[in-house]
Amino acid sequence: MPIVLERCGVDNVIGEFRCTGHGNSGHGCNSLLRILKSDLYVTVSYDRDGTFERYITFACPVCYAENDVDNFPDHLRWSLPTRVEHVKRQITAQK
Ligand SMILES: [Zn+2]
């Protein structure tokens, strides 16, 4: 019988990323971070012509720089909160 090493759920590990400020400031602290799905949120950048692009982003807990995650699976993308929702959840979780 197969053994589940990591179950696909709310808190599954997405991977390990270095904080580089990728897609944002470009200035990170180079910390190596293990990112869970619950660490991610959606950011949107609007172009002048009215088009917009969605990015999957996490904030570094060390230097607070935002980093974009490339090649994030599309089917998981829609379940992620916006930045505002994400911050609200963190505040609620701390209470
Ligand atoms: Zn950092």
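Considering every Cα-Cα pair within the chain, what fraction, in whole percent, is farther apart than 17 Å?
Counting pairs separated by more than 17 Å, the tail of P(r) holds 55 percent.
Under a 5 Å amide H to amide H cut-off, with H placed in plane at 1.01 Å, what residues pair with L33 once short-range neighbours are removed?
So L33 has HN proximity to F17, R18, C19.
By count of other Cβ within 10 Å, fewest leading, how are E85, E16 ordered?
Neighbour counts put them in this order, fewest first: E16, E85.
Among L80, L36, rank each residue by its count of other Cβ atoms within 10 Å, from fewest to most, as a rough exposure measure.
Neighbour counts put them in this order, fewest first: L36, L80.
Looking only at N71, N24, N12, which one moves most when the chain is put into a Gaussian network model with springs between Cα atoms under 10 Å?
N71
Please give the net charge around R54, taking every other residue with its beta carbon less than 12 angstrom from that of R54, where Lys and Arg add +1 and Asp and Glu add -1.
Taking every other residue near R54 into account, the sum is -1.
From Cα pairs below 8 angstrom and at least 6 apart in sequence, can you work out the relative contact order of the chain, rounded to a whole percent?
Working: 135 pairs, mean separation 22.8, N = 95.
After rounding, I find 24 percent.
Counting only helical runs of four or more DSSP H residues, what would the 222 nm mean residue ellipticity of the chain come to if each run contributes -39,500 (n - 2.57) and the total is spread over all its residues? Intermediate values should be presented prior to the final figure.
Values: 2 runs with 16 residues, N = 95.
Using -39500 (n - 2.57) per qualifying helix, the result is -4500 deg cm²/dmol.
Return L40, L32 ranked ascending by Cβ neighbour count within 10 Å, so the fewest neighbours appear first.
So the residues, fewest neighbours to most, are L32, L40.
Every number in this text was worked out from the coordinates using simple rules, so none of it is lab data. No experiment lies behind these values; they were computed from the predicted model shown. Don't worry about glycine lacking a Cβ; one is built from the backbone with ideal geometry, like all the others, and counts go over all protein chains shown.
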